[in-house]
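Worksheet: the structure to be examined is printed underneath.
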């Protein structure tokens, strides 16, 4: 605008130079390119979050509440008090299943360790890392983790001192990592853990112990009546009153400890960082497309002003309102299409790299996504331009011819 000559401006002659038109169109293309990029990013994040929430995890987490074990008062009476609490859980009609463990799905494992070998191991196999999970005999059934071969731990096998145990379970990933041919081969040979020989009494099915962002780890299950976590599956009705009952009994048996709990399905589906990205990108997309439409509306207003007399002459010669709107909109649609051509490959590159952070990711039909986004943006831009174009096309011919 600063390049306009004052005399021409005061006379209403608003026809800019070619370079000025190029700048204006370039700004519109830039705005819409950025808007399209944000819209595609928002769509991909939404699809990935939906995929993570709807995917099967390999375990049953329905109505499973996890209560953190006590941290104070762990004296000589603790083991007997723990059994009292477990007996209480077993007697409640609203408790369907329960189990104790050192870790639970949605939390990290007890620890990771290496040093496991079997008779057919390679020299470097002892450096492979395995997730270590301490569980009771009820853990697998409580979470619905099926056995692929062999059997589960017994209560007696869990009720022993740490170093007195000689039996473990492994999952399918651990079986593969250890180099066993199959489950029967694993149960026949067992494994060596430094100086200890451990019998593999069963192989469990794989499941997602953490969310879908991570790969399924090779897991070794170790039997212990650990009270770090109490997993309790409740009947679905009146959850608040049932949790209140659990809290009263818990605080009575373990005085001085807070009653802390969470639901397993919420912990497993927790993707707070990605959800924050989704909210931020959604807001940014709405703002960006709004600003881009403001720019497009301004450019449309400017173009219409410079072509008012032309529109009047076309109407005198018999042009229809729809024909005039189509004429004025055509150039703007081209600008939006150019924006899509620029933004699409950039968005594809950025979001493909973002999805690499997830071990399990949604399959996206990129062509369909680009087409849908393109059609949506074109429709919004057409609506924006049409507002001004229809207003001018419906103006009186005499007024249009007196323009400039």
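Where a number appears in this text, it was derived from the coordinates with a stated rule and is not lab data. Since the model is a prediction, treat every value here as computed from it, not as a measurement. Neighbour counts are summed over all protein chains in view; Cβ atoms, including those assigned to glycine, are modelled from backbone coordinates with ideal geometry.
Taking the centroid of alpha carbons for each part, the range 314-361 and the range 84-103 are 59 Å apart. Counting helices only, and only those DSSP H runs with n ≥ 4, report the 222 nm mean residue ellipticity of the chain as the sum of -39,500 (n - 2.57) divided by its residues, in deg cm²/dmol to the nearest 500. Helix-only estimate at 222 nm: -17000 deg cm²/dmol.
For the options 280, 289, 170, a Gaussian network treatment of the chain with springs between C-alpha atoms closer than 10 Å singles out 280 as fluctuating the most. Note on residue 50 and residue 141: the model spin-label points, each 7 Å out from Cα along the C-beta direction, lie 4.0 nm apart. Using 0.36 nm per residue and subtracting the Cα-Cα separation, the extra length available between residue 331 and residue 195 on full extension is 41.2 nm.
To one decimal place, what Kirkwood hydrodynamic radius in Å is obtained for the range 64-268 from all pairs of distinct Cα atoms? List each step's numbers first, then the result.
On the way: mean 1/r = 0.0556 Å⁻¹.
Computed over Cα pairs of the range 64-268, the Kirkwood hydrodynamic radius comes out at 18.0 Å.
Between 0 and 90 degrees, rounded to the nearest ten: what's the tilt of helix 18-54 against the longest Cα principal axis of the chain? Here the helix axis deviates by roughly 20 degrees. With an 8 Å cut-off on Cα pairs and a minimum separation of 6 or more residues, tell me the relative contact order of the range 64-268 in percent. In percent, rounded to a whole number, it is 37. Across the chain, Cα-Cα distances exceeding 26 Å account for 68% of all pairs. At an R0 of 35 angstrom, the distance between the Cβ atoms of residue 338 and residue 287 translates into a FRET efficiency of 0.95. Extension gain for the segment residue 111 to residue 317, taken as residue separation times 0.36 nm less the Cα-Cα distance, is 65.8 nm to one decimal. Subtracting the Cα-Cα distance of residue 76 and residue 126 from 0.36 nm times their residue separation leaves 14.2 nm of extension gain. Taking the inverse of the mean 1/r over every pair of distinct Cα atoms in the range 27-149 gives a Kirkwood hydrodynamic radius of 19.6 Å.
Note on residue 301 and residue 371: with the Förster distance fixed at 22 Å, the Cβ-Cβ geometry gives a FRET efficiency of about 0.15. Three semi-axes describe the equivalent ellipsoid of the range 16-72; taken as square roots of 5 times the Cα gyration tensor eigenvalues and ordered largest first, they are 53, 15, 6 Å.
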